[in-house]
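Undergrad: Here it is: the structure, laid out below.
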């Protein structure tokens with residue numbers, strides 16, 4: 001998968017608030033799909049599975065079967081890649097604009 005396509009998958013996955021909530025649930029420790037379903041009683045198991053599939057396609061979640069259980073693990077590397085590629089570059093530019101504005105206002 002090209003870097004552009006990978007970025008598109010990550011942005012798509014992060015665009016939905018429920019998927020971001022699922023990632024928050026996995027931030028501290030892996031969880032089974034059943035545990036994630038219990039954490040979101042307002043949506044059914046099928047919907048949780050669909051969200052997990054989008055997260056897996058973006059490589060934000062890695063699922064491993066252990067017996068009858070499916071453990072979901074957070075993979076934060078795609079988020080770091082987005083930060084390095086997009087956020088840090090634009091943040092630096094924004095900070096230089098703010099610094100110039102501060103200098104103009106003070107000066």
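Undergrad: Report the residue count in the range 51-61 for those that are in a helix (DSSP H, G or I) and surrounded by 14 or more Cβ atoms within 10 Å (Cβ to Cβ).
TA: So the answer is 6.
Undergrad: What's the total number of residues in the range 55-70 that are farther than 25 Å from residue 15 by Cβ and either in contact (Cβ under 8 Å) with a residue 12 or more places away in the chain or in contact with a strand residue (DSSP E or B) (Cβ under 7 Å, 6 or more places away or on another chain) (or both)?
TA: The qualifying residues number 2.
Undergrad: Within the range 1-43, considering only helices (runs of 4 or more DSSP H) that don't extend past its boundaries, which have at least 2 residues that are exposed (fewer than 15 other Cβ atoms within 10 Å of the Cβ) and at pLDDT below 95?
TA: In the range 1-43, 3-15 are the helices (runs of 4 or more DSSP H) which contain 2 or more residues that are exposed (fewer than 15 other Cβ atoms within 10 Å of the Cβ) and at pLDDT below 95.
Undergrad: What's the total number of residues in the range 62-97 that are in a helix (DSSP H, G or I) and either surrounded by 11 or more Cβ atoms within 10 Å (Cβ to Cβ) or within 28 Å of the chain's Cα centre (by Cα) (or both)?
TA: 20
Undergrad: Among the candidates 19, 45, single out the residue that is touching a helix residue (DSSP H, G or I) at 6+ places or on another chain (Cβ under 7 Å) and under 23 Å from residue 86 (Cα atoms).
TA: Checking each option against the conditions leaves just 19.
Undergrad: What do you reckon, is residue 79 within 14 Å of residue 10 (Cβ to Cβ) and without any contact (Cβ under 8 Å) to a residue 24 or more places away in the chain?
TA: no
The values are calculated or read from the model by the stated rules, or taken from the named source; none is laboratory data. Note that this is a predicted model, so its numbers are computed, not measured. Don't worry about glycine lacking a Cβ; one is built from the backbone with ideal geometry, like all the others, and counts go over all protein chains shown.
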